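What follows is a short report on a single structure.
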Amino acid sequence: MIRTPLRPLARILEARASGENPDAIERENLRIRHEQMRDASRGRAEGRLLILSVIFFCAFGVIGARMGVLAATEPAEPRAASTGSAILAQRADITDRHGRVLATNFETHSLYAQPLQMIDKERVAAELAAIFPDLNQDKLLKDFTGKRKFLWIKKKLSPEQKQAVHNIGDPGLLFGPREMRLYPNGKLAAHVMGGASFGREGVHAAEVIGVAGVEKYYDDLLRDPARQGAPLALSLDLTVQAAAERVLYGGMKLMNAKGAASVLMDVHTGEIISIVSLPDFDPNARPSPLVEGDASDSPLFNRAVQGVYELGSAYKIFTAAQAMDLNLVNNQTMIDTGKALRVGGFNIGEFQKKNYGVLSVEDIIIKSSNRGTGRMALQIGVKRQKEFMKAMGFMDYTPLEIVEAKGGKPLYPERWTDLSAVTISYGHGISNSPLHLAAGYAALANGGTYIKPTIIKRTGAPEGTRVMREDTARYARQMLRKVVTEGTASFGEVQGYAVGGKTGTADKPKPRGGYYDDKVIATFASLFPAHNPKYVLVVTLDEPTETSGKKPRRTAGWTAVPVAAEMIGRVAPLLGLRPEIEPGELAGITLTSN
Amino acid sequence: MRSLLYIVTALAVIGLAFWAYRENYQTQAEIAKTEQINREIGQARARLTVLRAEWAYLNRPDRLRDLTEVNFERLGLLPLRPDQFGKVDQVAFPQPIEPELIINNPVDVSGMTGGEAVTRGDGVFP
């Protein structure tokens with residue numbers, strides 16, 4: 001760059017010649033140079049400002065555009081990764097102890113209508129009524145032509161029905177996906193399963209909720225997504241349950257009984273292998289509960305758990321066991337049952353006014369003497385008997401994991417007098433469910449520990465509470481065995497399984513007080529094999545009558561016992577129990593009374 | 001020197017931008033693929049549930065009992081009874097099966113020895 005000199009010589013000389021001040025020229029030139037410098041720097045600054053403003057404009061423009069885009073788009077989660085496994089929104093399956101399905105889910109469709117979109121309402125109503133016989137054509141047409149904008153027509157459709165509705169081809173008929181609960185085995189274990197229905201319903205999905213049984217008890221667990229649909233394994237055995245239901249149904253019909261119940265329980269783990277209550281129902285189409293009359297007449301009523309009955313002489317063994325456990329008697333102690341027993345102003349008599357005379361404790365059980373156990377109960381006393389009954393679980397509802405269990409609250413006298421003690425000693429005056437009785441017998445069978453019955457599969461035996469000594473339980477089992485070999489339950493013998501048990505026949509109480517003469521509850525509580533018990537089976541028949549003889553027979557020995565024996569013969573092989581020769585009683589272990 | 005630095009930096013920025021762009025799209029493609037597979041797993045599970053339900057339905061004890069009754073002539077199936085338990089000693093040991101044909105003079109069928117194939121076997125091959 002050529003700079004203009006501040007004092008150009010030509011002009012200086014010219015100025016000097018004309019007498020002017022040459023300094024003015026220098027100042028003038030300096031001023032011009034300063035102005036040029038100022039203009040240049042201003043231009044640069046303006047350029048910078050322009051660039052900066054462009055940058056700012058772009059930045060704010062981008063931010064503004066982004067805000068606009070965010071405001072205008074649908075919100076969505078940023079996708080940084082894909083989840084490992086989709087959450088199963090399904091209700092978990094229920095299986096038996098070997099993993100066979102008892103309850104599962106099935107995808108189906110529901111049918112709803114939007115009458116506003118419907119074209120030919122009359123034809124639709126007519127065709128729907130033809131597909132679903134339970135729908136009323138006139139009512140449908142009224143609904144379609146009325147003010148309603150939406151109505152459910154069917155909650156569950158089979159694929160065939162869905163196709164048929166498709167074929168109507170009306171845009172006002174719409175389907176929504178549904179997940180329904182399916183019990184593939186039908187009536188099997190209906191009372192345990194209970195049933196399920198829809199809770200909150202939307203067009204696209206509906207909540208499946210349990211309404212009874214395990215389904216309701218474990219509703220939260222079955223619906224918990226954290227379990228990832230892991231099935232709930234019950235302690236039931238599908239085959240055993242089916243065989244037990246079959247045998248019990250046959251027995252119920254043969255004995256002309258109104259209802260029947262059976263409980264098969266593992267004595268060491270407390271698991272219920274099979275629990276039956278007849279009549280039963282199909283949980284796929286659960287009937288509605290009775291609105292009037294006796295609830296126990298409904299098939300929904302679970303006799304094995306909810307039905308509390310006075311179960312009669314089957315309790316005698318508990319009295320004998322407690323008396324032996326308290327060292328008041330041993331199994332050979334002689335008790336006079338011939339003498340009249342008068343307690344609280346009541347005479348205690350024997351069945352059919354028999355008189356057995358002097359009997360040993362063992363024979364009292366074998367012959368089922370009311371006076372004998374009554375005398376033992378008086379020796380035990382009210383307080384100790386009550387404590388024992390409490391420990392055996394006879395005074396609380398059973399802890400079985402179905403909602404109905406709480407309905408089976410035992411009935412017992414509020415004032416436990418000597419008379420109550422005597423009647424309770426032979427099973428009157430206290431009402432329990434067959435399940436209570438099974439749990440009590442399990443305590444005798446497993447050597448004296450009370451184990452809470454459960455419907456859930458267990459691994460290993462839980463720790464029970466000791467209610468009696470081991471030898472007491474062993475003597476009690478020997479007595480129970482003799483009831484079958486020598487006593488009232490002679491029909492209960494099943495070759496190879498050494499059944500031991502005690503019968504109980506109790507008159508049914510009238511609703512207004514007093515007892516019926518011709519209506520009984522016949523019970524047989526048994527354990528097998530008696531020398532090394534593995535299972536307890538309780539069979540109860542409601543109002544049985546055995547009519548093969550001249551007079552109708554109602555005692556448990558003629559009704560419940562043969563049914564139980566048949567059931568053991570069917571069920572024990574299925575449980576993998578091999579028939580065994582019963583080991584003989586060793587000489588010298590029998591206690592003598594001297 | 002300085003301009004070289006600028007050029008290298010600019011190239012690095014372009015390269016990194018390209019790499020990030022590619023990674024981004026690859027990730028999205030992978031995510032879409034995973035979701036597709038998850039969907040397929042879900043469908044397979046649903047199908048499996050249906051099949052399991054159908055299996056349980058077809059194997060329900062009532063149906064099997066009816067089927068054994070219908071096919072009693074052919075199958076002769078009865079409920080398991082206690083007397084059907086046996087001992088291992090009661091089961092006969094399977095007799096060793098004599099081979100029906102002893103081949104001691106093998107036949108050459110490959111034709112490797114030349115000439116026509118000779119059949120000198122004392123029987124037919126099973």
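Where a number appears in this text, it was derived from the coordinates with a stated rule and is not lab data. Here the structure is a predicted model, which is why all the values come from computation and not from measurement. Ideal geometry is used to build each Cβ from the backbone, glycine not excepted, and the neighbour counts take in all protein chains shown.
Taken as entire DSSP H runs, the helices of chain A that both span 20 Å or more between Cα atoms along their own long axis and average 0.0 or more on the Kyte-Doolittle scale are A:22-72, A:238-254, A:560-574. Counting neighbouring beta carbons within 10 Å and listing from fewest to most, the residues A:Ser296, A:Ser369, A:Ser41, A:Ser425 come out as A:Ser41, A:Ser296, A:Ser369, A:Ser425. Residues whose amide H comes within less than 5 Å of that of A:Leu527, counting only those at least five positions distant or on another chain, are A:Gly500, A:Gly501, A:Leu537 (H built at 1.01 Å from N in the peptide plane). Summarising the amide proton neighbourhood of A:His109: residues at separation of 5 or more, or on other chains, whose placed amide H is nearer than 5 Å comprise A:Leu157, A:Arg178.
Computed from backbone phi with θ = phi - 60° and the Karplus coefficients 6.51, -1.76 and 1.60, the 3J(HN,Hα) list for the stretch A:450-465 is 7, 10, 5, x, 9, 9, 9, 4, 10, 10, x, 7, x, 7, x, 9 Hz; x is used for glycine and proline.
Each pair of Cα atoms in the stretch B:1-60 enters the Kirkwood radius, and Stokes-Einstein at 4 °C and 1.567 mPa s then converts it into a translational diffusion coefficient of 82 µm²/s.
3J(HN,Hα) along the stretch A:517-532, derived from phi through the Karplus expression 6.51 cos²θ - 1.76 cosθ + 1.60 where θ = phi - 60°, amounts to 7, 10, 10, 10, 10, 9, 10, 10, 9, 9, 9, 8, x, 4, 7, 8 Hz, with x in place of Gly and Pro. Let's test the formula: R0 of 35 Å, r as the Cβ-Cβ distance of A:His98 and A:Glu493. What FRET efficiency results, to the nearest 0.05? Efficiency, rounded to the nearest 0.05: 0.70. Placing unit charges on each Cβ (+1 for Lys and Arg, -1 for Asp and Glu) gives the stretch B:1-60 a dipole about its Cα centre, and among B:Trp55, B:Trp19, B:Gln36 the Cα reaching farthest toward its positive end belongs to B:Trp55.
When the pairs A:Lys187/A:Lys258; A:Lys339/A:Lys502; A:Lys154/A:Lys187; A:Lys457/A:Lys482; A:Lys353/A:Lys550 are compared against a 30 Å limit on Cα-Cα distance, A:Lys457/A:Lys482 fall above it.
Residue-wise HN-Hα couplings along the stretch A:100-106, as the Karplus relation 6.51 cos²θ - 1.76 cosθ + 1.60 with θ = phi - 60° gives them from phi, are 7, 5, 10, 8, 8, 10, 9 Hz; Gly and Pro carry x. Taking 0.36 nm per residue of separation and subtracting the current Cα-Cα distance, fully stretching the chain between A:Glu470 and A:Arg11 would add 151.2 nm. Measuring r between the beta carbons of A:Val69 and A:Ala45 and using R0 = 35 Å, the FRET efficiency lands at 0.45. Inter-label distance, B:Ile14 to A:Arg227: 6.2 nm, where each label sits 7 Å from its Cα along the C-beta direction.
Working note: 222 nm ellipticity from helices only, DSSP H runs with n ≥ 4, each -39,500 (n - 2.57), summed and divided by the residues of the protein assembly as shown, gives -12500 deg cm²/dmol to the nearest 500. Between the amide H of A:Tyr309 and those of A:Asn432, A:Ser433, distances stay under 5 Å, these residues lying 5 or more places away or on another chain, with hydrogens modeled in the peptide plane. Among the residues of B:79-88, the average count of other protein chain beta-carbon atoms within 10 Å of the residue beta-carbon is 5. Size of the protein assembly as shown: Rg and Dmax of its alpha carbons, in Å, are 45.0, 174. Within a straight-line Cα-Cα reach of under 20 Å, A:Lys162 can be paired with the following aspartates and glutamates, leaving aside sequence neighbours fewer than 8 residues apart in one chain: A:Glu107, A:Asp120, A:Glu122, A:Glu127, A:Asp134, A:Asp170, A:Glu179, A:Glu201, B:Glu54.
Of A:Arg570, A:Arg48, the sequence from fewest to most neighbouring Cβ atoms within 10 angstrom is A:Arg48, A:Arg570. Cross-link partners of A:Lys216 among aspartates and glutamates, defined as those whose alpha carbon lies under 12 angstrom from its own and excluding same-chain residues fewer than eight positions apart: A:Glu401, A:Glu404. With Cα atoms defining each centre, the stretch A:296-352 and the stretch A:195-273 are spaced 32 Å apart in the structure. For the pair A:Leu326 and A:Asp297, label points projected 7 Å from Cα toward Cβ lie 4.3 nm apart. Among beta bridges identified by DSSP and lying wholly in the protein assembly as shown, the antiparallel ones come to about 95 percent. Label zone of A:Arg553 (point 7 Å out along Cα→Cβ, amide N under 18 Å): in the stretch A:245-276 this covers A:251-257. Remark: the A:Thr145-A:Lys519 segment gains 129.0 nm on full extension, using 0.36 nm per residue and subtracting the alpha carbon distance.
Cβ-to-Cβ counts within 10 Å put A:Arg512, B:Arg60 in ascending order as A:Arg512, B:Arg60, the fewest first.
If the chain linking A:Gln117 and A:Glu207 were pulled fully straight, counting 0.36 nm for each residue of separation and taking away their Cα-Cα distance, it would gain 29.7 nm. Taking GluC sites (Glu not before Pro) across the stretch A:418-492, the ones in a DSSP loop with at most 11 further Cβ atoms lying within 10 angstrom of their Cβ are A:Glu463.
For A:Lys551, a cut-off of 15 angstrom between C-alpha atoms picks up these aspartates and glutamates, skipping any fewer than 8 places away in its own chain: A:Asp517, A:Asp518.
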